[in-house]
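Colleague: Mind having a look at this structure? Questions to follow.
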Amino acid sequence: MKYLLILPLFFLTTIKIKAQEINRFFYEVQYKPKKDSTRNETAMMVLDIKKDQSIFKDYQLIVSDSISNEVFKKMQKTGIYENQSAPPNVRFTYSVTKKYLDMEVQYTEDIMNGLTPLTFGYQEKINFDWKVKKEKQKIGEYNAQKAIVNFAGRKWVAWFCPDLPFNDGPYKFNGLPGLIVKIEDDQHNYSFTLKGNKKAKDNSEDSLVKKFTNGNVKIVEKVKFIKTFENYKQDPLAAMRNELTPQLLSMTMPGTDMKVKDFIEKQGKEIKESYKLNNNPIEKE
């Protein structure tokens, strides 16, 4: 997520919070990034289950945020910009939060809103019409039972484990009497498989994203989010250009020989290209 390090905001105060322990479940995702893909890509995502909610995201976003946090602390001390990009294997930029007990889903993306990072998203309540089947199967080390559902234009087959007492799962999926250990659509565009779990420290409150945004999320209607985000992907840094003066654009980035204008154009192009890598979203409708 390059945009977190675009701006030299060296004045931000570091907040230290004692991390709580969470249940972290690792899901391997095999997916077709483009509708006409002939081969699958693979990513690792995590479902962090806390006392009152769960959060599902690309594991490399967590790694990237941790690295960015350390780089930012260094920039605070030196006052010199250090070019640090997210790991190249960050595949999915969204986060899905499910609030217990009503399982309200919050879908968010972190974007640039002019010169300020913004966590932007929507909320919805999804009533999954699961059809639980008698068929059982061993998925990895888990004894699982089959269930099927139609969701967002795709037909899904899920396997849930009653021995794992969480009626949750990857992405937005939830509502079965046990954790979903595998789910895939019938056309094999997306497949999520649980690969393991462990206790982990919840460092989300020390996240660089939350420091910039004060933990605030701008929630809009889903239709407006989709339209706004599609426009954003066409030119991610358009709003930023409108806020920068010609004098600032002609300045040199601290610690580099690149003009601010050229740096922003380079960053914008790279972000735009990264969004083009996937035109086969999970939700067709």
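Colleague: Once label points are set 7 Å from the Cα along Cα→Cβ at both Asn150 and Leu277, what is their separation, rounded to one decimal in nm?
Modeller: Result for the modelled spin labels: 3.4 nm.
Colleague: In addition: What do you get for GluC sites (Glu not before Pro) in the stretch 122-203 restricted to DSSP loop and a cutoff of at most 16 other Cβ within 10 Å of the site's Cβ?
Modeller: Working: sites: Glu124, Glu135, Glu141, Glu184; in loops: Glu141.
Taking the stretch 122-203 and a limit of 16 other Cβ atoms within 10 Å, the loop GluC sites (Glu not before Pro) found are Glu141.
Colleague: In Å, what is the Rg of the alpha-carbon atoms in the stretch 130-172, and how long is Dmax?
Modeller: Values for the stretch 130-172 (Cα only, Rg and Dmax): 10.7, 31 Å.
Colleague: Can you give me the Kirkwood hydrodynamic radius for the stretch 90-185, using every pair of distinct Cα atoms, in Å to one decimal?
Modeller: On the way: mean 1/r = 0.0678 Å⁻¹.
With all distinct Cα pairs of the stretch 90-185 included, I get 14.7 Å.
Colleague: Right, next: In the structure displayed, which of Lys227/Lys272; Lys233/Lys266; Lys172/Lys227 lie more than 18 Å apart, Cα to Cα?
Modeller: On the way: Lys227/Lys272 16 Å; Lys233/Lys266 15 Å; Lys172/Lys227 20 Å.
From Lys227/Lys272; Lys233/Lys266; Lys172/Lys227, over 18 Å: Lys172/Lys227.
Colleague: Moving on to the next point. Over what distance in Å are the Cα centres of the stretch 269-285 and the stretch 233-249 separated?
Modeller: Between the Cα centre of the stretch 269-285 and that of the stretch 233-249, the gap is 22 Å.
Colleague: If you don't mind, there's one more thing I want to ask. What part of the accessible area of the stretch 132-285, given as a whole %, is carbon or sulfur when the probe is 1.4 angstrom?
Modeller: It is 50 percent, rounded to a whole number.
Colleague: Then there's this: Put +1 on the Cβ of every Lys and Arg and -1 on every Asp and Glu Cβ in the stretch 211-285; which of Thr228, Ala238, Met258 then has its Cα farthest towards the positive end of the dipole?
Modeller: After comparing all options, I get Thr228.
The values are calculated or read from the model by the stated rules, or taken from the named source; none is laboratory data. Owing to the predicted nature of the structure, the values given are computational and were not obtained by experimental measurement. Please note: Cβ atoms are built from the backbone with ideal geometry, for glycine as well, and neighbour counts cover all protein chains shown. In case anyone asks, the SASA skips ligands and DNA or RNA and just uses the protein heavy atoms, side chains included. Shrake-Rupley method; radii C 1.70, N 1.55, O 1.52, S 1.80 Å.
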